[in-house]
Amino acid sequence: QVQVVESGGGLVQPGGSLRLSCVASVSMFSRYIMSWYRQAPGKQRELVASIRIFDITNYADSAKGRFTISRDNAKNTVYLQMNSLKPEDTAVYYCNARDLVNNVWGQGTQVTVTS
């Protein structure tokens, strides 16, 4: 069964950094589109960043220049490096793994940016 597990969330001050990790229990991990989404209280879930084969990446406008998505196919892991964090980045961050057959969500990890 395909599963993804996020880690790395926490409490950080504005301007700080966090790195989220997501490990996927899948075969042929490199073929999956791996994405990070977030959902703030009272708001819809939104795409933050995604990475696909050949490390092609896509970012939400709010993430460009501050966040970096990367993957380590040998470890079945995708990362989200978040720098210059702002209070509006506060949300539950979800990892998503998608291929032609599977579309799997993790349980989420809380990121809180506050002084």
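From (1) of a type outside the set (A, V, I, L, M); (2) under 12 Å from Asn73 (Cβ atoms); (3) modelled with pLDDT of 95 or more, pick out the condition that doesn't hold for Pro14.
For Pro14, the failing item is (2).
Which of the residues spanning the stretch 22-44 are under 15 Å from the mean Cα position of the chain (by Cα) and within 22 Å of Leu100 (Cβ to Cβ)?
Answer for the stretch 22-44, where residues must be under 15 Å from the mean Cα position of the chain (by Cα) and within 22 Å of Leu100 (Cβ to Cβ): Cys22, Val23, Ala24, Tyr32, Ile33, Met34, Ser35, Trp36, Tyr37.
Would you kindly identify the strands (runs of 3 or more DSSP E) lying entirely within the stretch 56-115 that contain at least 2 residues that are at pLDDT below 95 and under 25 Å from Val2 (Cα atoms)?
none
The values are calculated or read from the model by the stated rules, or taken from the named source; none is laboratory data. If you're wondering where the values come from, they're calculated on a predicted model, not measured in any experiment. Note that we place each Cβ from the backbone using ideal geometry, even for glycine, and neighbour counts take in every protein chain shown.
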